[in-house]
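Shown next, in structure tokens, is the structure this report addresses.
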Amino acid sequence: MFPEADLSSCSNHVLSIHLRQYFVNTDDTVTQKIVVRKNSARGTHFRRAGPRQRVYFQPDEVNAAIVTCGGLCPGLNTVIRELVCGLYDMYGVTSVVGIEGGYKGFYSRNTVTLTPKSVNDIHKRGGTILGTSRGGHDTAKIVDSLQDRGINQVYIIGGDGTQQGASVIYEEVRRRGLKCAVVGVPKTIDNDIAVIDKSFGFDTAVEEAQRAINAAHVEAESAENGIGVVKLMGRNSGFIAMYATLASRDVVCCYHSFYKFITLINITVMSSRRLTTLLCLLSQDCCLIPESPFYLEGKGGLLEFV
């Protein structure tokens, strides 16, 4: 996260490995919008991630740290494992530590040494071996800790808030003139980052959604004019609901608006009796979330509207 002109570079250690190699050109970018008009402006581009032929750290000078923050997501341990094995086996790094307990672990002195042997089978476990927490971000204390420990590469795995915190850490590192790379690894089970191929955990979420859909379909199919409702997470994107709908083929409708959903139920049940089973998927923000009671019967319940 430093301007390349400000840093001296060296040959990538991977070049010494006699395997088929592929490197990303430093000028490669990813466009924010895939479809544009012929004569439209160039638009926003993002620098493409991937291995370069030139790097900015010698393997023996790297002291790397990995931290996981925020909520859990399938694949966290896999990301930790691949980072550690990649640093050791591909780049020749020999010093990698894990920060336990999220951001607060930086100044709580909670660390664990990570090696390919210690992370060998962690991808088979759920959660994160480093632990996680929300909050605890104190920029000055975190950067002080990076300086004291001699850490010059920090990999921060987390969602929106975590990445905002990583950006603040980077700005403070740059202000102090430290040679420290701050790397943000996006964690979102919702797959709602348009410029990356796919966020880790998304496929698992869609697969698990199939179990709920199958169960709801059996319940709805077993009752006269049965209505099955499956609510899935998704923030403002609804990709889990959409992909689960396409995968199951048992879903009649997939809605991102609770009120449109109520209207649909009303029209279907009151105006058309041709459907004996109705299975609906709701994305996270389209229905009453846990902070507001969601129930079927009684005053204000779903059945009152149908």
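Read-outs throughout are calculated quantities, based only on the coordinates presented, and are distinct from any laboratory measurement. On a predicted model such as this, the values are computed, not experimentally measured, just so you know. Here the Cβ is made from the backbone with ideal geometry for all residues, glycine too, and neighbour counts use every protein chain on show.
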Q: Measure off 7 Å from each Cα along the Cα-to-Cβ vector at ILE34 and ASP89, then give the distance between these two points in nanometres to one decimal.
A: 3.1
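Report the full-extension gain for the segment SER222 to ALA140: residue separation times 0.36 nm, less the Cα-Cα distance, to one decimal in nm. Intermediate values should be presented prior to the final figure.
On the way: separation 82, 0.36 × 82 = 29.52 nm, distance 5.99 nm.
This chain segment gains 23.5 nm when fully extended.
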Q | Nonlocal amide H pairs with THR111, under 5 Å, H built at 1.01 Å | A | GLU100
**Q.** Likely footprinting exposure, CYS69, CYS85, fewest C-beta neighbours within 10 Å first
**A.** CYS85, CYS69
Q | Whole-Hz ³J(HN,Hα) from phi, Karplus 6.51 cos²θ - 1.76 cosθ + 1.60, for the stretch 89-104, glycine and proline x | A | 7, 8, 10, x, 6, 10, 9, 9, 10, x, 8, 8, x, x, 4, 5
